Amino acid sequence: MINIVRSFINKVLRGIFKKKKNFKLGLYGPPNGGKTTLANRICKDWLGQDMGTVSNIAHETREVQIKEEISIKSKGKELTFNLVDTPGIATKIDFEDFIKSGMKEKQAKERAKEATKGVIDAIKWLDEMDAVVIVLDATKDPYTQVNVTIVGNLQARNIPVLIVANKSDLKKADIKKVQAAYPQYNVIGISAKYGNNIDQFYEGLFAIAG
């Protein structure tokens, strides 16, 4: 009888802790794909506030940013998660690229150092993720070393993935090319900036939250 009661209590406790687990949704991708723009879109839609600063300079997001307890709704369902916006993943970060953006050498070197640390932190955070949205610029070649590396890391960890082909509002956007590069995943074309097709994106989140 004692064992039965103990088993029941343990079962109840497991259920409580499972429900309290914070679902972590990560935004990953190369620099300037639109991760922070998408994060801001999500936060504005459901919290009425921005997540972070958007810039045309690569690696503007140099630290992992987290917005907790975002609840979204779609077709009568509700999903609550902690949104994790990560720095752009790059295989090479050169301070001279920042100089070209108008920075002085000292500032450029410091920015490159911070960006490198950001990439390392983003990769470390993969182990914390319950699901990941890969944000790609639909106007660029989707089959790059960086993108393949990101996908490979996610597959190795069996993390559910949704791929967003962002910037669909631009003439050069080619969503079918992104879909052809990664046929194993659901690819949704959106414009995070203007909110195009954002409802389908939210529906896609429920699919990977499973």
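The values are calculated or read from the model by the stated rules, or taken from the named source; none is laboratory data. This one's a predicted model, so the numbers in the text were calculated from it and none came from an experiment. Cβ coordinates were reconstructed from backbone atoms using ideal geometry, including for glycine residues, and neighbour counts include every protein chain displayed.
Which residue is surrounded by the most Cβ atoms within 10 Å (Cβ to Cβ), if the candidates are limited to the range 138-172 and must be over 20 Å from residue 202 (Cβ atoms) and of a type in the set (A, V, I, L, M, F, W, C)? Only one residue tops the list, namely 150.
Considering (1) more than 12 Å from the chain's Cα centre (by Cα); (2) of a type in the set (A, V, I, L, M); (3) at pLDDT 95 or above, the lone condition that residue 136 does not fulfil carries the number (1). Just one of (1) surrounded by fewer than 20 Cβ atoms within 10 Å (Cβ to Cβ); (2) modelled with pLDDT under 90; (3) aliphatic (A, V, I, L, M) trips up residue 70, so point out which. Failing condition for residue 70: (2).
(1) in contact (Cβ under 8 Å) with a residue 12 or more places away in the chain; (2) over 22 Å from residue 39 (Cβ atoms): which one isn't true of residue 165, the others all being true? Looking at each condition in turn, residue 165 falls short on (2).
When the test is whether a residue is more than 22 Å from residue 163 (Cβ to Cβ), among the polar types (S, T, N, Q) and modelled with pLDDT of 80 or more, residue 80 passes it. Using the structure shown, decide if residue 114 is at pLDDT below 90, part of a helix (DSSP H, G or I) and not β-branched (Val, Ile, Thr). Here the answer is yes, as residue 114 does meet what is asked.
Before we move on, is residue 106 at pLDDT below 60, assigned to a helix (DSSP H, G or I), loosely packed, with under 14 Cβ neighbours inside 10 Å and at negative phi?
no
Among residues of the range 176-201 being crowded, with 19+ Cβ neighbours inside 10 Å and in a helix (DSSP H, G or I), the one that is farthest from the chain's Cα centre (by Cα) is 181.
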